[in-house]
Amino acid sequence: MRFKSKQVALLIMVLGIAAGSSVGQRQIEKIDRGMVAIAQSDGTVYLGWRLLNTDPQTVGFNLYRQTAGSEAVKLNEYPITRTTDYVDTKAPKDRANNWWVCPVMDGKEQAIGGKTSLPANPPAMQYIGIPFQGKYVCNKVAIADLNGDGQYDYVIKQPKQITDPGVWFPSTDTWKVEAYLHDGTFLWRKDLGWNIEQGIWYSPMIVYDFDGDGKAEIALKTAPTDVDYRNQEDELLKGKVAAGPEYCSILDGMTGKEIDRVDWIARGKIEDWGDAKTNRASRHLMGIAFLDGKRPSLLVLRGTYMLMRADAYNLDNKKLKAVWNWSGDDENPPVRGQGMHGMHAADIDGDGKDEIILGSAVLDDNGKILWNVGLGHPDACYVTDILPDRPGLEIMYGIEPEQEKNGICLADARTGKLIWGRQEPTNHVHSQGLLGDFDPNNPGVEFYSYEKFTPQSYYTYSMNGKLLSDKPVGVGKPNVLYWTAGVVKLCSSGGQIRHYNGSAVTPYEGTVLAIADCLGDWREELITVVEGELRIYTTTIPAKDRHVTLMQDPIYRNDVALVSMGYFYPPQLSYYLTQDSAKTIP
């Protein structure tokens, strides 16, 4: 396997084996092979499984099929080493089948590493469905292992979002949080009550293993459910929740029972956040960061457009214990209005500890400002290795407030210094944009965004700041993901996963909620919701090579954890994925 120096440094940091390093090994998420079987319309069965970062370079796999309890049949003559997928062309469809893989190391077959199955006469479907308890549509989904079996489960928040603090109208229902195992088993439901208004900025949620026991907990914003704090008197605030307690709660992933709670960042005087209508006071976010380089800390944020505050906690012995708290007004000069509609966490200074990308400003792991580029609120913000030949990570921005220049820009993640920026004015660069290598005619990563109030203002830039196109990509708010045999990403929009401005590859139904490498080999899954069902679409295109599962990359895993709150920003890697980085054997 060939790594560039940046990738080697990252690997050393993650494993905590740097000479003289005081930062220990990060808490490791234990995941299995994620083996999946998908029946195809041509009668074949596509099989995929994970390559793990603990696998040696020379690992191979033996694949077995067992039909209706009969003796197992080995499907490969020699260990499978080039990819971690296989198309079974001879599986008897009229009977139930089980498949499993066994790693082969130094010529010796190891214990079973992953299993999957299909019933007799399975329907040909591109997705795995998880039925809900009724015909509703969820607003958000979180992906994490709830029961510690190494497989990813799903926590949803339903019904669908109906309101935003900026264009507010009364909630017509209450949020319900529900948990499902990967096989569709329903675990529990929690009603958040009328004091959590029905909008994503009122109800951030993060699901992660905060205490290191191998099972994920649910962290979310809560409020009392036995008293109704909706204002009934003030004409400006009528129907809104502008008073009453607010909490950060931790729930047990398997039962939904509250483990502990602490006070949320106080709203105080509503006007201090930027307006008197509760718009800016109602901007809440949550996140995860490995602040000490060893364990995940929970982050609680309030404020985006003006006043900004953040609290950090550790979950110790079933108790949330404060690590630090930060207010932008305590900085000199004050940090205001630099937040995004989400957040990222990444080790951008190479000390093994995560920094917190709030938007145009970044907090160090100790809760102090590291830098502030001062461009205001970015709607689009991505952290990854955009320039692979340049040391360190970079941050791509699309800035919402009107700018004379640099409304689209690339910054050095360590220092905030701009590397390049658009020199022409922008009015309102809108939405989360796209970042990824999705144009096969242009080498490297591209960034796409557009103006909200200026018709026909579309921008696709190269990683070096060259304007490549002024045409829209896809329909509405597209996303990009790894789906085909190569490392060029495909676009998903309008019910189709397709090549960049080209032919359709795979249809899908529903609203896209997440993209994550949660099943099969290193390609990503597209997670959507239709009425009454969550769908995990997975590729059935045979791979050409193999890569370690993306979920074991620290930035990628953190980005996946954040899809359950704020804007959906498709996850990024901490390294530049190329064919050369494939962990294959010719």
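The values are calculated or read from the model by the stated rules, or taken from the named source; none is laboratory data. Every value quoted in this text rests on a predicted model; they were computed, and no experiment measured them. Every residue, glycine as well, gets a Cβ built from its backbone with ideal geometry; the counts of neighbours run over all protein chains shown. With ligands, DNA and RNA removed, areas are computed over all heavy atoms of the protein, side chains included. Shrake-Rupley method; radii C 1.70, N 1.55, O 1.52, S 1.80 Å.
With Cα atoms as the point set, region 180-319 shows a radius of gyration and Dmax of 16.1, 49 Å. Across region 163-263, the relative contact order, built from alpha-carbon pairs under 8 Å that are at least six residues apart, equals 22 percent. With helices as the sole contributors, the chain gives -1000 deg cm²/dmol at 222 nm; each DSSP H run of n ≥ 4 counts as -39500 (n - 2.57), and the sum is divided by every residue. Computed as a quarter of the hull surface, the mean projected area of the alpha carbon convex hull for region 75-133 stands at 6.0 nm². With a simple spin-label model that places each label point 7 Å from the Cα along the Cα-to-Cβ direction, the separation between Tyr78 and Lys108 comes to 2.3 nm. For the residue pairs Lys115/Lys190; Lys257/Lys318; Lys190/Lys215; Lys221/Lys269, the alpha carbons lie more than 23 Å apart in Lys115/Lys190. Pairs of Lys residues in region 330-487 that lie 8 or more places apart, or on two chains, and have C-alpha atoms under 26 angstrom apart add up to 13. Dipole of the chain computed with +1 at Lys/Arg Cβ and -1 at Asp/Glu Cβ about the Cα centre; of Ala312, Leu577, Thr172, farthest Cα towards the positive end is Leu577. Counting only protein heavy atoms and a probe of 1.4 Å, the accessible surface of the chain is 50% carbon and sulfur. Calculated accessible area for the chain comes out at 39 Å² per residue, all protein chains present (probe 1.4 Å; ligands, DNA, RNA ignored). Remark: spin-label model distance Trp168-Thr54 equals 5.0 nm, labels positioned 7 Å along the Cα→Cβ axis. When you restrict to C-alpha pairs under 8 Å that are six or more residues apart and normalise by the size of region 371-467, the relative contact order lands at 21 percent. A convex hull fitted around the alpha carbon atoms of region 165-205 yields 85 Å³ per residue.
Put a dot 7 Å past the Cα of Lys405, heading toward its Cβ, do the same for Glu509, and the two dots end up 5.2 nm apart. Residues with beta-carbon under 12 Å from that of Thr528, excluding Thr528: net charge, scoring Lys, Arg +1 and Asp, Glu -1? Around Thr528, the charge tally is -3. Over the chain, what relative contact order in percent results from Cα pairs under 8 Å that are six or more residues apart? RCO, the chain: 13 percent. The order of the peptides 366-377, 349-360, 532-543 by mean Cβ neighbours within 10 Å, most packed first, is 349-360, 532-543, 366-377. In plain terms, if you count all Cα to Cα distances in region 318-376 and split them into 5 Å steps from zero, the share in each step is 4, 18, 27, 24, 16, 7, 2, 1 percent. With angles folded into 0 to 90 degrees, how steeply does helix 5-15 sit against the dominant principal axis of the chain? Use alpha carbons for both and round to 10. Taking the Cα atoms of the chain, the angle to 5-15 is about 90 degrees.
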